[in-house]
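Student: Mind looking over this structure? Questions follow.
The values are calculated or read from the model by the stated rules, or taken from the named source; none is laboratory data. As the structure is a prediction and not an experimental result, all values here were calculated from the model. Don't worry about glycine lacking a Cβ; one is built from the backbone with ideal geometry, like all the others, and counts go over all protein chains shown. Just so you know, the surface numbers come from the protein's heavy atoms only, side chains and all, with ligands and any DNA or RNA stripped out. Shrake-Rupley method; radii C 1.70, N 1.55, O 1.52, S 1.80 Å.
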Amino acid sequence: MSDNVTDRSGRHFLQIPGPTNVPDRILRAMARATMDHRGPDFGRMALSILERTKRVFKTNNPVVILPSSGTGAWEAALVNTLSPGDRVLMFETGHFATLWHGMATRLGLEVDFVAGDWRHGVDPALVEAKLAEDKDHQIKAVAVVHNETATGVTSRVGAVRKAMDKAGHPALLLVDTISSLASIDYRHDEWGVDVTVSCSQKGLMLPPGLGFNAISDKALAASETAGFSTSYWDWAPILANNAKGFFPYTPATNLLYGLDEALTMLLEEGLDNVFARHDRFAEATRRAVRTWGLEILCLNEDEYSSSLTAILMPDGHDADNLRKVILERFDMSLGTGLGKVQGKVFRIGHLGDFNDLMLAGTLCGVEMGLGLAGVPHTKGGVSAALEHLAAG
Ligand code: PLP
């Protein structure tokens with residue numbers, strides 16, 4: 001077999017949990033001449049994009065679109081709403097919560113980082129208890145990762161909101177939806193989220209390069225007194241320019257063409273249908289995993305992720321060796337184990353532009369790979385998944 005990927009026939013299977021496969025419709029939309037970002041055509045396009053983006057976050061409030069990866073959108077959420085030295089409550093649900101915590105600490109925030117086992121989501125009862133203890137309201141924000149991409153665990157943001165309300169605590173609620181937006185049901189307004197952080201390369205089916213902050217009125221008010229010095233990330237000039245369909249800097253024009261098309265696709269399919277499609281793929285995947293006799297990393301059925309499944313390797317078997325065999329033999333990329341689960345876990349991404357036969361092909365590649373890599377398992381996982389898919 002050639003090492004040169006361009007020599008391979010057929011399409012590469014990109015089954016990592018983001019970046020996801022970019023549909024042809026979006027690729028074609030982006031392959032257009034870049035336009036004047038201060039001209040009337042751009043203004044009309046951007047106003048329509050900004051308005052329809054709100055529907056994906058389920059908000060009536062503004063959503064700013066940043067030329068950044070998700071990490072930039074994390075930073076924008078923190079520096080626009082908080083001040084150096086502010087106390088923040090975060091939960092160690094996995095690698096990405098750990099990275100966000102690291103960023104918050106480096107920025108000079110005082111983070112209470114509640115330890116976790118990377119197999120559970122945020123415990124709403126613990127949120128309530130921590131906030132109830134904070135009688136003089138020193139905690140300024142609770143920051144939660146909705147879907148931990150490293151573990152395939154989805155925290156119950158609606159229940160976190162209820163816990164905060166029960167504690168009667170005024171902290172802001174900041175939520176990372178980087179691997180859940182447009183794949184797993186999410187409701188910025190209904191769940192009283194103050195800043196929702198997201199980015200382009202997962203459920204939105206775009207290449208990397210756009211970050212998002214959906215902003216509540218309370219977060220907007222907090223941004224007026226927040227003490228971090230901001231410039232590029234500052235929401236105020238972005239919102240002022242966005243009101244007329246423009247940006248205070250050169251926006252990522254061609255990615256916005258892609259976003260325009262992605263929004264059309266998602267709204268054509270209907271968000272509820274998009275979520276149901278992802279739920280079905282996730283359930284079929286879990287049936288395959290259980291039949292193989294392997295363990296799903298997520299321990300709580302109510303927190304299973306519909307955008308990816310993280311699978312534990314049997315003792316003595318290296319997940320990255322399995323991934324290597326599958327990449328070399330079948331031209332399929334699976335997600336690596338991140339942080340402290342490296343080598344112990346591999347992840348199947350089943351989000352974005354994805355259908356039944358793509359999932360079937362993905363699971364076939366995994367089942368064949370398990371055999372070739374000598375990982376003990378029971379055959380028949382693919383059949384179990386197919387039965388679920390065929391049932392409707
Ligand atoms: N948060 C989550 C949940 C993620 O999955 C990722 C990336 O995969 C990030 C944050 C960081 O985003 P980026 O790599 O686009 O900066």
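Student: Test of understanding: what is the full-extension gain from residue 268 to residue 12, defined as 0.36 nm times their sequence separation minus their Cα-Cα distance?
Tutor: Values: separation 256, 0.36 × 256 = 92.16 nm, distance 2.68 nm.
Using 0.36 nm per residue and subtracting the Cα-Cα distance, I get 89.5 nm.
Student: Hey, how many Å between the Cα centroid of region 215-243 and the Cα centroid of region 287-349?
Tutor: The distance from the Cα centre of region 215-243 to that of region 287-349 comes to 40 Å.
Student: Right, here's the next one. Could you check the simple spin-label distance between residue 241 and residue 134, using points 7 Å along Cα→Cβ, in nm with one decimal?
Tutor: That separation, rounded to one decimal, is 3.3 nm.
Student: Next question. Given N residues in region 261-392, what is Rg(Cα) / (2.2 N^0.38 Å)? Before the final figure, lay out each step's value.
Tutor: Values: Rg = 14.8 Å, N = 132, 2.2 N^0.38 = 14.1 Å.
It is 1.05.
Student: Then there's this: Quick check on region 1-137: take the gyration tensor over C-alpha atoms, sort the square-rooted eigenvalues as a ≥ b ≥ c, and tell me if it's rounded (a/c under 1.5), prolate or oblate.
Tutor: Values: a/c = 2.51, a/b = 1.45, b/c = 1.73.
Oblate is the answer for region 1-137, as a/c is 1.5 or above yet b/c matches or exceeds a/b.
Student: While we're on this one: So what's the gap between the Cα centers of region 161-209 and region 19-55, to the nearest angstrom?
Tutor: 23
Student: If I ignore ligands, DNA and RNA and count only protein heavy atoms, how much of residue 340 is accessible to a 1.4 Å probe, in Å² to the nearest 10?
Tutor: 110
Student: I'd like the FRET efficiency for residue 103 and residue 231, computed as 1/(1 + (r/R0)^6) with the beta carbon distance as r and R0 of 30 Å, rounded to 0.05. Spell out each step's value before the answer.
Tutor: Working: r = 17 Å, r/R0 = 0.58.
Result of the calculation: an efficiency of 0.95.
Student: In whole Hz, what ³J(HN,Hα) sequence does region 12-28 give by Karplus (6.51, -1.76, 1.60; θ = phi - 60°), x for Gly and Pro?
Tutor: Computed from phi, the couplings for region 12-28 are 5, 8, 9, 9, 7, x, x, x, 9, 5, 8, x, 4, 4, 6, 4, 5 Hz.
Student: Under 1.5 on a/c is rounded, so check that first for region 54-194, then, if it is not, pick prolate when a/b is larger than b/c and oblate when it is not; a ≥ b ≥ c are the square roots of the alpha carbon gyration tensor eigenvalues.
Tutor: rounded
Student: Nothing charged except the Cβ atoms of Lys and Arg (+1) and of Asp and Glu (-1): what's the magnitude of the dipole of region 1-105 about its Cα centre? Round to the nearest 20 debye.
Tutor: On the way: 12 positive and 9 negative charges, 107 e Å.
So the dipole magnitude of region 1-105 works out to roughly 520 debye.
Student: Please give the FRET efficiency for residue 55 paired with residue 315, using the beta carbon to beta carbon distance and R0 = 51 Å, rounded to the nearest 0.05. Present the calculation step by step, with values, prior to reporting the outcome.
Tutor: Numbers: r = 46 Å, r/R0 = 0.91.
After rounding to 0.05, the efficiency reads 0.65.
Student: Between residue 112 and residue 47, how high is the FRET efficiency from 1/(1 + (r/R0)^6) when r is the Cβ-Cβ distance and R₀ = 35 Å? Nearest 0.05.
Tutor: Computed FRET efficiency for residue 112 and residue 47 comes out at 0.30.
Student: Hey, got the dipole for the chain? About the Cα centre, +1 on K and R Cβ, -1 on D and E Cβ, debye to the nearest 20?
Tutor: For the chain, the charge dipole is close to 480 debye.
Student: What stretch of the chain, leaving out the sites themselves, is the longest with no chymotrypsin sites (Phe, Trp or Tyr not before Pro) in a DSSP loop having at most 15 other Cβ atoms within 10 Å?
Tutor: Here the longest run is 1-231.
Student: Please list the non-local residues whose amide H lies under 5 Å from the amide H of residue 156, H modeled 1.01 Å from N, same-chain partners needing a gap of 5 or more.
Tutor: 122
Student: Another question, if that's okay. Pick from 27, 82, 266: which is most flexible by mean-square fluctuation in a GNM of the chain where alpha carbon atoms under 10 Å apart are linked?
Tutor: Looking only at 27, 82, 266, the biggest GNM fluctuation is shown by 27.
Student: Counting only residues 5 or more places away or on other chains, whose amide H sits under 5 Å from the amide H of residue 66 once H atoms are built in the peptide plane?
Tutor: 211, 212, 213
Student: If the viscosity is 0.692 mPa s and the temperature 37 °C, what Stokes-Einstein diffusion coefficient in µm²/s follows for region 232-298 when Rh is the Kirkwood radius over Cα pairs?
Tutor: The estimated diffusion coefficient comes to 208 µm²/s.
Student: Give me the one-decimal Kirkwood hydrodynamic radius in Å for the chain, with the sum taken over alpha-carbon pairs.
Tutor: On the way: mean 1/r = 0.0462 Å⁻¹.
About 21.6 Å for the chain.
Student: Right, something else. Over every pair of different alpha-carbon atoms in region 64-109, take the mean of 1/r and invert it; report that Kirkwood radius in Å.
Tutor: One decimal place: 11.2 Å for the Kirkwood radius.
Student: First check a/c for region 91-174, with a ≥ b ≥ c the square roots of the eigenvalues of its C-alpha gyration tensor; if it is under 1.5, answer rounded, and if not, answer prolate when a/b is larger than b/c or oblate otherwise. List each step's numbers first, then the result.
Tutor: Working: a/c = 2.07, a/b = 1.24, b/c = 1.68.
Oblate shape, in that a/c is at least 1.5 and b/c is the bigger or equal ratio.
Student: Per the 1.4 Å probe, what fraction of the accessible area of the chain, in percent, lies on carbon and sulfur atoms?
Tutor: Exposed carbon and sulfur together represent 52 percent of the surface.
Student: Still on this structure, I have one more. What percent antiparallel are the DSSP beta bridges of region 24-267, to the nearest 5?
Tutor: Bridges in region 24-267 are about 40 percent antiparallel.
Student: For the chain, with a Gaussian network of springs between Cα atoms less than 10 Å apart, report the residue from 62, 248, 17 with the top mean-square fluctuation.
Tutor: Result for the chain, Cα springs under 10 Å: 248 fluctuates most.
Student: Moving on. Kindly report the accessible area of region 24-267 per residue (heavy atoms of protein chains, probe 1.4 Å, no ligands, DNA or RNA), in Å².
Tutor: 37
Student: Something else now. Which of 58/166; 324/344; 130/340; 140/166; 130/166; 54/244 have a Cα-Cα distance over 18 Å?
Tutor: Numbers: 58/166 23 Å; 324/344 14 Å; 130/340 26 Å; 140/166 16 Å; 130/166 12 Å; 54/244 16 Å.
Table pairs above 18 Å Cα-Cα are 58/166; 130/340.
Student: Now for a separate question. Could you sort 184, 348 by their accessible area in this structure, using a 1.4 Å probe and putting the largest first?
Tutor: 184, 348
Student: If you don't mind, there's one more thing I want to ask. Hey, what do the phi angles of region 225-240 turn into as Karplus ³J(HN,Hα) couplings, whole Hz, using 6.51/-1.76/1.60 and θ = phi - 60°, x for Gly and Pro?
Tutor: My calculation for region 225-240 gives 10, 4, x, 6, 7, 10, 9, 4, 7, 4, 5, 4, x, 5, 5, 5 Hz in order.
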